[in-house]
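Please read the structure below before turning to the comments.
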Amino acid sequence: MATKTKSHRNRQVSDSYLNRIVAFPLTSIKSQDQLEAAQEMIDRLLLTGELDEGDELYFDALSDLVAAYEDVHYPIAPASDADMLRHLMEAKGVTQAALHRQTGIPKSTISEVLAGKKPFSRAIIRTLADFFKVDISVLASNL
């Protein structure tokens, strides 16, 4: 009986997945028009509410194709050290003075980083990663 249920479930996944592929085939996106069509399909899927397993598989694959195209044609540069520090401070609700007191990083260093005059050093990255509880790689993207 479990075999029939499993087989029946796989059939439902296959049907919904294949129906989506027939409606909008999963192929590499090579133009702005194809990107817009893929984004419209993604929007339609999101508007349907809860997706079944086949729709989820299709959605994931289509999203990966869109991301691959956008990575090449609309690359996003890593955030500057100043922008990253500003974001982390705002997210945690920390002032420059409090950051200095709690980490020991000199006030002048914090000000210079925020002004874009000084990049993070490896020591500052380690200190900030510990303080903000983020992975070092989040802060080291510009090294």
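The values are calculated or read from the model by the stated rules, or taken from the named source; none is laboratory data. From a predicted model like this one, the values you see are computed outputs, not experimental measurements. Counting neighbours? That spans all protein chains shown, and the Cβs are built from the backbone with ideal geometry, glycine included. The protein model used for the area step is the full one, side chains on, heavy atoms only, and it has no ligands, DNA or RNA in it. Shrake-Rupley method; radii C 1.70, N 1.55, O 1.52, S 1.80 Å.
Odds and ends about this structure:
- Total charge dipole magnitude, the chain, about the Cα centre, Cβ charges on Lys, Arg, Asp, Glu only, Debye to nearest 20: 840
- What the Cβ-Cβ distance of Leu47 and Glu70 gives, at R0 = 30 Å and to the nearest 0.05, is a FRET efficiency of 0.90.
- The GluC sites (Glu not before Pro) found in the range 35-143 that occupy coil by DSSP, while having at most 13 further C-beta atoms within 10 Å, are Glu50.
- In the range 82-143, inverting the average of 1/r over every pair of distinct C-alpha atoms gives 11.4 Å as the Kirkwood radius.
- Cleavage-rule hits, trypsin sites (Lys or Arg not before Pro), the range 11-119, DSSP coil, Cβ neighbours within 10 Å at most 16: Lys30, Lys117
- Signed unit charges on C-beta, dipole axis of the chain, positive-most listed residue Ile29, Leu128, Ala68: Leu128
- Inverse of mean 1/r across different Cα pairs in the chain, Kirkwood, Å: 19.1
- Accessible surface for the range 16-80, divided over its residues, is 66 Å² per residue with a 1.4 Å probe.
- Carbon/sulfur fraction of accessible area - the chain, other protein chains in place, 1.4 Å, %: 54
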